Amino acid sequence: MPDSKRKSILILGGSFAGLTAAYELKRLAGEAHEITVVDKNEHFVFIPSLIWVPFGWRTIEQISFPLAPTLAAQGVRFLHATARWIDPARQTVTISQANGGERELFYDYLLVATGPHADFAMVEGLGPDGGYTVSICTAPHAIEAGRAWREFLREPGPVIVGATQEAACYGAAYEFVFNLEYALRKVGLRDRVPITYLTSEPFAGHFGIGGMKWAREMTEWFFRHTGIDWVLDAVVEKVSPGMVHLRQGRLHRAAAKNGRPEDLSGGSLPFRYAMIIPRFLGVPVVRDSGLGNARGFVVVDDYFRHLQHRNIYAAGVSVAVAPPEPCPSGCSVPKTGYISEVMAKYAARNILADIDGRPLVPKPATEIDAKCLMDAGNQGIIMLTDRIYVPSRHRKTELLIPGPWAHWAKVAFEKYALWKMRTGRVAWP
Ligand SMILES: Cc1cc2nc3c(=O)[nH]c(=O)nc-3n(C[C@H](O)[C@H](O)[C@H](O)COP(=O)(O)OP(=O)(O)OC[C@H]3O[C@@H](n4cnc5c(N)ncnc54)[C@H](O)[C@@H]3O)c2cc1C
């Protein structure tokens, strides 16, 4: 006879949010329930280190591990498959298995932790698949960006790094531009390469969250100090070979003394190497199944529970979060690895509370804190705030600590986070 108390908890996505939730469920519930993780990738990849892959400072092998044996060691079932369709009425998910064939999985509780879909199709010519720009959003993209980088070094020219209108991942773009600048200095090519940072943010250091105290001043100082020009309020019209065409944008030159920007509306910027992050959407399975908002992100209540389907939860980048401040050219909010883990722990605990008939514990997005390490090659900025998704004036703590320790901290954190994820120690900070 099936044990009616033993529930099937199905997790889509085995990255920061999905793995954390699986480990937390296992830690708290032991063998009481069956936990299954489905991911289209066989490996966990520490995405924050992808910024170093193009410059040869990390290989994918150094920053990843296989999911199947790792999860098996924790008593969690892993299926290497792509989720295609979620049917909330029948409580099933249809998956395409990596080794062929489709099958249906039943769930009592479903956790959506599928992260973002990088929407390169939003701008003609954008992205590495049929376009003219590179990306560092996934492991294959970062490898390809490295191949293009080595080619670029043989014949250097102007570089553009940034994020388009409606993008969310500005932190990664900032990290990449400063690491790229450092990489050029290391190979003695910096003076032959003009670098421009291109962003839809209304001011440098906005990050999609309205900035933080001193973030603008500090980011502008970094740009001027490293000789990087920056374009604000940018709306990219299209990309053609070697050229980014702008519908609008304001260019600030690092060397300009008067601080007045040049209007780039209708203009274009040349490049020999460009890494531009597009807007993020929810992934196809969420959009196709009608479980997301207009952008395909899952709207949840304060318990990370779907508004209509009470046994579906979501965590990480797949969750819809309202921007705390308006952004005229369209910015979305960042959802970092740390935030994804916080959401996943609450979602996991609330699934178990619901099963056991205990009260659920709320964690409104407006109460989530942030701990961020922004790397800039051989230095960087440590960023801490008590509440990230509220306007800056409503935060009690906003701390930015620049210096080489930010770089050392990121390197140390990379090792620690990989160890924590590999060994399931999610109760550790
Ligand atoms: C270049 C870069 C640098 C970054 N740097 C930092 C940083 O320094 N610090 C920081 O905190 N954050 C950083 N971030 C953000 C961080 O990577 C994300 O917050 C984090 O990865 C979100 O975790 P997640 O589990 O929600 O989504 P993801 O990590 O995107 O994982 C989603 C998982 O779902 C799987 N999936 C998707 N669709 C399906 C499907 N249909 N079926 C099965 N599986 C599916 C994917 O394969 C993936 O494994 C960075 C992001 C990028 C792109």
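At a glance:
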quantity	calculated
Per residue solvent-accessible surface (Å²) - the chain, probe of 1.4 Å	42 Å²
Cysteines without a disulfide-compatible neighbour (Cβ-Cβ under 4.7 Å), the chain	137, 169, 372
For the chain, calculated [θ]222 nm from helices alone, where every DSSP H run of n ≥ 4 adds -39500 (n - 2.57)	-8500 deg cm²/dmol
Simple label model, 7 Å out from Cα along Cβ direction - residue 415 to residue 216, nm	3.9 nm
Spin-label pair residue 423/residue 265, simplified geometry with 7 Å Cα→Cβ offset, distance in nm	5.7 nm
Rounded percent of accessible protein surface that carbon and sulfur make up, the chain, 1.4 Å probe	54 percent
Global geometry of the stretch 330-429, whether rounded, prolate or oblate, following the gyration tensor of its Cα atoms and the 1.5 cut on a/c	oblate
Inter-centroid distance (Cα atoms) of the stretch 202-260 relative to the stretch 76-134, Å	34 Å
Shape of the stretch 120-278, Cα gyration tensor, a/c cut at 1.5	rounded
Within straight-line cross-link reach of residue 420, lysines at Cα separation under 18 Å, skipping those fewer than 8 residues along the same chain	26, 345, 371, 410
Cα-based shape type of the stretch 275-391, given that a ≥ b ≥ c are square roots of the gyration tensor eigenvalues and the cut on a/c is 1.5	oblate
Formal net charge of residues neighbouring residue 351 (Cβ-Cβ distance under 15 Å; K, R +1; D, E -1)	+4
Distant alpha-carbon pairs in the chain (separation over 26 angstrom), percent	55 percent
Qualifying trypsin sites (Lys or Arg not before Pro) in the stretch 62-170, DSSP loop, other Cβ atoms within 10 Å at most 13	90
Simple Cβ-charge dipole of the stretch 137-202, Lys/Arg +1 and Asp/Glu -1, about Cα centre, in debye nearest 20	360 debye
Summed side-chain charge close to residue 259 - residues other than residue 259 whose Cβ falls under 14 Å, Lys, Arg +1, Asp, Glu -1	+2
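The values are calculated or read from the model by the stated rules, or taken from the named source; none is laboratory data. As the structure is a computational prediction, the values presented were derived from the model and not from experiment. FYI the Cβ positions are ideal-geometry reconstructions off the backbone, even for glycines, and counts take in every protein chain you see. Side chains included, ligands, DNA and RNA excluded: accessible areas come from the protein's heavy atoms. Shrake-Rupley method; radii C 1.70, N 1.55, O 1.52, S 1.80 Å.
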